[in-house]
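The values are calculated or read from the model by the stated rules, or taken from the named source; none is laboratory data. Keep in mind that what you see is a predicted model, and the values were worked out from it rather than measured. Every residue, glycine among them, receives a Cβ derived from its backbone with ideal geometry; neighbour counts consider all protein chains shown.
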Amino acid sequence: MRGNRYFCKLLSPQLFPLVEQFHRRINNHLSINKMNTITLHNTLPAVFAGREDTGSEIWLRDVTFERGKKYLISAESGTGKSSLCSYIYGYRIDYSGTFAFDGRDIKQLSVAEWCKVRTHHIAYLAQEMRLFPELTAMENIMLKNSITNFKTHEEIVAMMERLGIVEKVDSPVAKLSIGQQQRVAIIRTLCQPCDFIMLDEPVSHLDETNNRIVAEMVTSEAMRQGAGIISTSVGNNVKINVDKEFKL
Amino acid sequence: MSKKDINNTDYSSRGLMWKLLRKHISKSQLIGFSLASLVGLTIVILAVQFHQDVKPLFKDEDSFLRKDYIIITREVSTASTVLQGSNEFSTSDIEDIEAQPWCRQVGKFSSNDYSVEAIISVSGQGMRTMMFFESLPDEFLDVTDKNWKFDPNNPKIPVIISRDYLTLYNFGFAPSQGLPQASELAVSKAVNLQFTLRGNGEIQTFEGTLVGFSSRLNTIVVPEDFMKWSNEKFGNSAERNPSRLIVEVNSPGDERIGKYFSEHGYQVAGDKMNQSKAQGFLNIIVSIVIIVGVIISVLAFFILMLSIYLLLQKNTKKLQDLLVLGYSPDQVSRTYINMVIYINCAVMVVSVILMLLMRAYYLPMLNAMDVKGGSIIIALIVAVIIMSLISLGNILAIKRKIKDLWIQSS
């Protein structure tokens, strides 16, 4: 019976993550190279192909985002704001021109390098949030944190307390309001080391107070890590003092 | 929620991924696969195991399907009956057979050149009959006994008779007459033999001892030195060619043997040649069963494949979200790969258990035929290979599908 119990323990999922965490810790230590710039050269979404002048300060221009600086990209709906984010995050490639990290064309990145970008260099909040409705708020956050091991439980709970959703820790995300979901998604975004924080309409569903709190949280996290912030907005800007604003 | 509660909850990436990705797993599809796979694999390994277990029947020295020895005679034709003597094998005939590539050695049967009268008595009740003797070199005998020798100074004739006679008594005669069946040992002890040899103006009575039963030789065998001695004493001393030969062959299944015999008008005694076809027949049956099992396994494989494709299709959004979150395709695939491996291992274990249970059912029947079971290693290896191939196919399919999700369309 005793042997049987140990055997079950061996097969239990708890043991594997220990090994995984160990590897991740080592990887974290190895990832000392910082990403300093994201540059765009003559980029244009494929759907806009053929347009000579889009009137945009991003598309078909040479743009550089630097680590440690804050940017706001204000846009009207349908100008390719979410497309821009998905190109930079590597899960869409329907564009012309060149995106580069520290001068290296991102189309040359391997799958493993992209995983590194997504867990160590760029923290990304998608406009559609990409939460998992059947998982609880905490589970959604831990899904990210368990591969980065960046925040402690206490830190996560503290952030939830600050954004007023701590009582929703065990509620399935499907049962939360859009505003609450947005706050969960923001916390999840901050659960990783990064050189850039890329936020696609981060506060579209938040009130003034929460907007301010989010701005403070994001800014202080960026300051702590020396990261840059790239935020997009169609009107309701996150309350961050930006170094530069682009019109998309 | 208190801190303690949070720490106690399973927030490992593996646990969370399983919670997330197990949705849409169709239990009925997986059970369908497991059953189909179980049936297919069990059929295959049972056929392999049965083949392993039955194989000794064709290899074992004393087995009834023994066929390394073939006894041949010339075909008896009307002409040979009239002409006399042409049923014998000449020295050149024998040399020609010995020169064949499939032939190991040839033994000559010699027979008595005098008359033999036997009195066979069991517990006082006797029976008188005319009979004959044959002898052949000792290396062709399947019975060894310390009494297998003849000493003219203390004349006692050891004989070996065909096991068929005992079988005939035990399974034909005894049950119909309400007599008890007799073991070989009991018969050897109970039967008294007395032989009276006449010829060449001499007459002498000898005691006989039954030293054994042969399943190879369908005749009454006496030692070769006795045959020589008695033919000299009672026979008319003319040297005769043998009319029966025993041929030890390399591979009884060899087509050339049958062809050679029929070309030369030689007949194979009994149905030993037919028995030699049994292994070929068994091989065909086992092959067919294995093919059926493999087909079922392949179909099962496609059921699982289809189920996995549906599952991945239904969970596409989640899988893509995990990838965007920074999970590698390998990490994302691992959930499903582990599931496939667990299922396939379980199927394999159950299948091996089923095979062993069925084997335990038929093994006593084989043991009754004096065949011990073969090793189960080969069946186990086959099981592992088949399940590894199925798992490998599934794993490659999962990896390929998840890789396809890496780039999303707008």
Could you count how many residues in the stretch A:190-221 are among the hydroxyl-bearing types (Ser, Thr, Tyr) and either buried (at least 23 other Cβ atoms within 10 Å of the Cβ) or on the phi > 0 side of the Ramachandran plot (or both)?
-> 0
From (1) closer than 30 Å to A:Ala185 by Cβ; (2) within 14 Å of chain A (Cβ to nearest Cβ); (3) among the aromatic types (Phe, Trp, Tyr); (4) part of a helix (DSSP H, G or I), pick out the condition that doesn't hold for B:Tyr336.
-> (2)
Filter result (more than 8 Å from chain B (Cβ to nearest Cβ) and of a type in the set (A, V, I, L, M)) within the stretch A:132-165 = A:Ala137, A:Ile141, A:Ile156, A:Ala158, A:Met159, A:Met160, A:Leu163, A:Ile165
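Okay, residues lined up against (1) on the phi > 0 side of the Ramachandran plot; (2) exposed (fewer than 15 other Cβ atoms within 10 Å of the Cβ); (3) within 14 Å of chain A (Cβ to nearest Cβ):
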site: B:Pro329; (1), (2), (3): no, no, yes
site: B:Cys345; (1), (2), (3): no, yes, yes
site: B:Ile353; (1), (2), (3): no, yes, no
site: B:Tyr361; (1), (2), (3): no, yes, no
site: B:Asn367; (1), (2), (3): no, yes, no
site: B:Ile385; (1), (2), (3): no, yes, no
site: B:Arg400; (1), (2), (3): no, yes, yes
site: B:Leu405; (1), (2), (3): no, no, yes
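Quick grid of which residues meet (1) in contact with an Asp or Glu (Cβ under 6 Å, 6 or more places away or on another chain); (2) of a type in the set (Asp, Glu); (3) over 22 Å from B:Gln204 (Cα atoms); (4) assigned to a loop (DSSP other than H, G, I, E, B):
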| position | (1), (2), (3), (4) |
| --- | --- |
| B:Asn87 | no, no, yes, yes |
| B:Ile94 | no, no, yes, no |
| B:Arg128 | no, no, no, no |
| B:Asn154 | no, no, no, yes |
| B:Pro158 | no, no, no, no |
| B:Asp164 | no, yes, yes, no |
| B:Gly172 | no, no, yes, no |
Being closer than 30 Å to B:Leu166 by Cα and in a loop (DSSP other than H, G, I, E, B), is that true of even one residue in the stretch B:253-261?
-> yes
Return the residue satisfying two criteria in turn: it lies in the stretch B:308-327 and is polar (S, T, N, Q) and surrounded by fewer than 19 Cβ atoms within 10 Å (Cβ to Cβ), and of such residues it is farthest from the other protein chains (Cβ to nearest Cβ).
-> B:Gln313
Among the candidates B:Lys55, B:Lys67, B:Lys3, residue that is among the charged types (D, E, K, R), touching a His at 6+ places or on another chain (Cβ under 7 Å) and modelled with pLDDT under 80 = B:Lys3
Selection count where residues are charged (D, E, K, R) and in a loop (DSSP other than H, G, I, E, B), scope the stretch A:158-209 | 4
